[in-house]
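Take a look at the structure below.
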Amino acid sequence: MELGVVPGAVVRVVSNSAGPVVIEAGSARFAIGRGLARKIVVEVVEQ
Amino acid sequence: MTRLAREHAGTQPQSRAREEGGRRRVRVALAGAPNVGKSTLFNVLVGARRFVGNWPGKTIDRYEGELEHHGVVLRLVDLPGTYSLSALSEEEVIARDFIVHEKPDVVVVVVNAVSLETTMYLALQVLELYDRVVVAVNKMDAAARRGLHVLLDRMSRALGVPVVGVSALRGEGLHELIESVLAVASGAARTQRLRLNYGGLAHYAALLEGELGRCAALRDYPPDWAAVRLLEGDSELEKVLAEACPELLEKARQARRRAEEELGAEPALLAASTRYAFISELLRSCVVYSGVARKSTSELLDKIYLSRLLGLPAALTTLMSVVVVAFAINTGFPFVQILEALGHSDLAELVEAYTLSGLVNAALSGLADITASTLSARGVSPLLISLVTEGILGGVGAILAFLPLIFLVFIFFGFLEDTGVMARIAVASHALMEKVRLSGKALLPLALGLGCNVPAIMGTKILPSDKEKLVASFVAPLIPCQARLVILLALATALFSSAAAALTALILVYLVALLAAGILTLILNRVIPPKEEVPELLVELPPYHVPSIRVIWWYAVDNALHFLKKAGVIIFLLSLATWALLRLGPSGYVESVENSFAYIVGSAVAPLLAPIGLGRWEIALALVSGFIAKESVLATLIIATSSTSAAEALSRLALSPSQALTLMVFATLYMPCLATLATFHAQYRRPKLTLAFVAASLVLAYAISLVTYIVSRAIPVV
């Protein structure tokens with residue numbers, strides 16, 4: 001949450017292969033573990 | 001109602017900037033999220049006038065420093081880097097408690113111009129908590145290169161505090177920053193605490209705020225701030241309430257439940273959303289984009305490091321090449337060995353003499369020789385000469401011999417960190433490390449261990465949880481460091497006739513050591529609470545950038561000094577003790593080790609080593625002396641067998657191949673060396689833990705050597 005992933009925020013998934021998911025929120029990139037990523041509910045905004 | 005005085009603490013000018021010895025002193029705290037360049041700013045500001053300590057009762061370093069500006073002394077405290085002040089982690093608790101209870105004259109919050117969206121969150125929380133704040137927008141130069149312009153004046157008006165643009169790296173804007181700090185400290189610049197409009201939440205906060213005035217324990221916190229935080233479920237504040245005013249804790253929880261029911265959302269989410277809405281509104285009006293950043297290189301590198309197939313190999317290759325370069329500079333490995341294999345042994349010796357450890361050793365032994373001859377010319381007793389040259393100089397040497405290597409390892413570590421590559425390595429190796437229940441971040445300190453175990457243990461500080469720090473520190477000494485590589489090389493070439501057998505044995509020992517590390521990690525994860533904790537990865541991937549030599553230099557100097565200060569005394573005393581063991585016996589000073597206390601210890605220990613095929617007093621003695629530095633194992637073996645070379649010593653011992661292999665395994669795994677032990681103790685300061693640390697490595701080394709001995713004897717090929 002403190003990293004800018006708040007309800008309503010638009011994030012871009014940079015990489016989602018094996019291992020951690022890499023997302024881009026604003027101009028910052030974060031790698032988050034799968035356990036944590038599973039707890040983020042998203043809806044596809046654009047492909 | 002003393003509370004009222006604080007409630008409207010818009011400014012409390014002058015009073016805090018105290019007079020001392022005719023000079024004004026101003027206490028400044030430096031706060032900021034990770035990767036904003038806070039440490040760089042701190043170092044630029046204070047230069048050499050800085051001191052390292054620990055936060056009371058924590059393993060987190062506390063940096064303080066001083067600078068003088070027109071006769072005013074500014075005392076800076078570098079708060080731990082945190083993304084917020086929610087008091088969820090140890091760092092956050094430290095940072096928040098310092099601001100709340102110590103009430104510094106000014107808090108400087110450093111934000112990153114390149115990633116304002118994320119780094120402003122902490123600034124906002126500080127502004128909500130405290131009134132005397134200056135915001136420093138760092139990396140203005142990097143932002144400009146990306147086409148980002150921050151309108152500082154407008155931001156300053158919106159936040160109600162001075163906002164200064166700086167580039168810590170280039171030393172730009174520092175004068176203005178200091179001037180702003182002094183203006184806020186003296187009251188010349190009027191500042192106020194930021195009050196956000198929390199919408200529906202504000203109603204519940206106001207109700208709660210009235211109640212909170214009754215709790216004296218909350219005196220240090222602004223009541224409106226505390227009310228919102230309690231609605232969010234701040235566990236530190238709840239702890240305070242539970243102790244001091246339990247009836248209010250119940251009220252706060254009721255208020256939170258009511259707010260959640262009536263607003264239909266968790267107050268914590270509502271509050272965070274309010275803050276982010278404020279930040280995005282702020283940035284929309286204060287940041288101008290002109291032109292897009294060039295991302296091609298970054299994208300390409302990220303494609304490699306973050307890909308499914310290439311990520312892990314790329315990460316490991318990067319790490320290994322860094323380790324090999326460090327090896328080459330320090331001991332010439334593998335070039336010395338290649339030259340020897342090609343038959344150019346004179347050239348190999350020359351290269352070895354000019355490596356870092358070659359130069360240090362030459363300097364130290366030269367110094368010892370000069371001292372010995374000067375002293376003996378004056379008729380000083382042999383005991384005293386030995387004490388000075390072998391005991392004291394040896395002790396100093398033990399510390400000095402480690403310094404260049406530690407420095408070197410941190411230079412490379414700093415390089416990876418500063419370029420942003422390290423974060424990618426952590427991500428790429430996470431899947432691998434997860435198998436032993438460590439996070440990807442743990443690979444880095446452990447890889448440092450291949451160079452030297454001391455920086456490996458120091459490096460575990462970067463790990464997120466206390467448990468992971470401890471597990472990684474316990475495991476680090478099992479990684480064969482470079483000193484052990486030297487012994488292993490010597491043992492392998494002396495013990496095995498063919499080069500192929502020697503190489504196989506060497507690789508085998510490394511594999512066994514890694515296996516042992518994996519096993520110990522799994523065991524520790526089951527023993528150390530909290531047992532159910534699974535490491536969760538959360539790594540910010542900062543943009544790649546060109547490494548700054550100054551930043552890396554500070555990083556290495558800081559860490560090397562830290563080691564010297566914390567572990568130096570322990571290393572010195574322990575090497576004196578080992579000297580006494582080797583040079584003193586029942587009859588006083590002894591020339592040959594066979595009359596020393598060490599021999600007695602060696603003979604006593606030898607039967608214990610019999611089951612693993614190493615029941616010889618020479619070997620036991622060598623292992624005892626290997627405690628100072630693992631290199632001494634060889635030297636002692638040579639002395640104890642009265643030989644002139646390692647090969648001769650080993651042939652006199654007439655070890656079978658399986659005994660040889662077991663000796664290599666045991667020498668690698670047993671007992672962390674003195675410097676490692678000292679570093680471990682300095683980091684945790686719990687004697688029982690240090691003892692457990694030693695015991696674990698001894699038991700593990702013994703068990704694995706036993707298995708190696710039995711298995712290798714059963715397989716006839718070896």
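The values are calculated or read from the model by the stated rules, or taken from the named source; none is laboratory data. In this text the structure is predicted, and so the values were computed from the model without any measurement. As a convention, Cβ positions derive from the backbone with ideal geometry for all residues, glycine included, and neighbour counts pool all protein chains shown.
Taking the stated definitions as given, is B:E128 of a type in the set (D, E, K, R) and in contact with a Leu (Cβ under 8 Å, 6 or more places away or on another chain)?
Yes: the conditions hold for B:E128.
Quick check, is B:Y589 surrounded by fewer than 21 Cβ atoms within 10 Å (Cβ to Cβ), of a type in the set (S, T, Y) and within 14 Å of chain A (Cβ to nearest Cβ)? Steps first, please.
Numbers: surrounded by fewer than 21 Cβ atoms within 10 Å (Cβ to Cβ): yes; of a type in the set (S, T, Y): yes; within 14 Å of chain A (Cβ to nearest Cβ): no.
For B:Y589, the condition - surrounded by fewer than 21 Cβ atoms within 10 Å (Cβ to Cβ), of a type in the set (S, T, Y) and within 14 Å of chain A (Cβ to nearest Cβ) - is not met.
Residues checked against (1) in contact (Cβ under 8 Å) with a residue 24 or more places away in the chain; (2) outside any helix (DSSP H, G or I); (3) farther than 30 Å from B:K566 by Cβ; (4) not assigned by TED's automatic domain parsing to the domain that holds B:E540:
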| residue | (1), (2), (3), (4) |
| --- | --- |
| B:M458 | yes, no, no, no |
| B:E468 | yes, no, no, no |
| B:P477 | yes, no, no, no |
| B:I487 | yes, no, no, yes |
| B:A492 | yes, no, yes, yes |
| B:A505 | yes, no, yes, yes |
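Of the helices (runs of 4 or more DSSP H) lying entirely inside the range B:627-670, those carrying at least 3 residues that are closer than 12 Å to B:I487 by Cβ and at pLDDT below 80 are B:632-640.
Here's the yes/no breakdown for (1) within 14 Å of chain A (Cβ to nearest Cβ); (2) closer than 30 Å to B:A678 by Cβ; (3) at pLDDT below 75; (4) assigned to a loop (DSSP other than H, G, I, E, B):
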residue: B:A501; (1), (2), (3), (4): no, no, no, no
residue: B:L514; (1), (2), (3), (4): no, yes, no, no
residue: B:L520; (1), (2), (3), (4): no, yes, no, no
residue: B:E532; (1), (2), (3), (4): yes, no, yes, yes
residue: B:N559; (1), (2), (3), (4): no, yes, no, no
residue: B:K565; (1), (2), (3), (4): no, yes, no, no
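Inspection of the range B:690-703 finds no residue satisfying the criterion of being outside the structural domain of B:G397 (by TED's automatic domain parsing) and closer than 16 Å to B:A505 by Cα.
Helices (runs of 4 or more DSSP H) fully within the range B:315-389 that include at least 2 residues being in contact with a Pro (Cβ under 8 Å, 6 or more places away or on another chain): B:356-377. Residue count for the range B:44-79 under the criterion of being assigned to a loop (DSSP other than H, G, I, E, B) and aliphatic (A, V, I, L, M): the result is 3. Taken together, the residues in the range B:671-718 that are part of a helix (DSSP H, G or I), hydrophobic (A, V, I, L, M, F, W, C) and over 31 Å from the mean Cα position of the chain (by Cα) amount to 5.
The condition of being at negative phi, modelled with pLDDT of 65 or more and either within 7 Å of chain B (Cβ to nearest Cβ) or in a strand (DSSP E or B) (or both) holds for only one of A:V45, A:V22, A:V41, that being A:V22.
Scanning the range B:627-644 for residues that are within 40 Å of the chain's Cα centre (by Cα) and free of Cβ contacts under 8 Å to residues at least 60 places away in the same chain returns B:F627, B:S632, B:A635, B:T636, B:L637, B:I638, B:I639, B:A640. Taking the range B:630-665 as the range and being buried (at least 24 other Cβ atoms within 10 Å of the Cβ) and under 21 Å from B:V475 (Cα atoms) as the test, the residues that pass are B:K630, B:T662, B:L663, B:M664, B:V665.
I'd like the full set of residues that are within 13 Å of chain A (Cβ to nearest Cβ) and more than 17 Å from B:I304 (Cβ to Cβ), limited to the range B:424-442. Scanning the range B:424-442 gives B:M433, B:E434, B:K435, B:R437, B:L438, B:S439, B:K441.
Could we say that B:W579 is in the same structural domain as B:A442 (by TED's automatic domain parsing), in a helix (DSSP H, G or I) and either farther than 30 Å from A:R34 by Cα or among the hydroxyl-bearing types (S, T, Y) (or both) here? Against the criterion (in the same structural domain as B:A442 (by TED's automatic domain parsing), in a helix (DSSP H, G or I) and either farther than 30 Å from A:R34 by Cα or among the hydroxyl-bearing types (S, T, Y) (or both)), B:W579 does not qualify. Kindly establish whether B:V471 is within 14 Å of chain A (Cβ to nearest Cβ) and at pLDDT 85 or above. When the stated conditions are applied, B:V471 does not pass them. If you go through the range B:468-500 and keep only what is out of contact with any Asp or Glu (no Cβ under 9 Å at 6 or more places or on another chain) and among the charged types (D, E, K, R), you end up with just B:K469. Checking B:A701, B:A696, B:A678 one by one, the residue that is farther than 19 Å from B:T460 by Cβ and of a type outside the set (S, T, Y) is B:A701 and no other.
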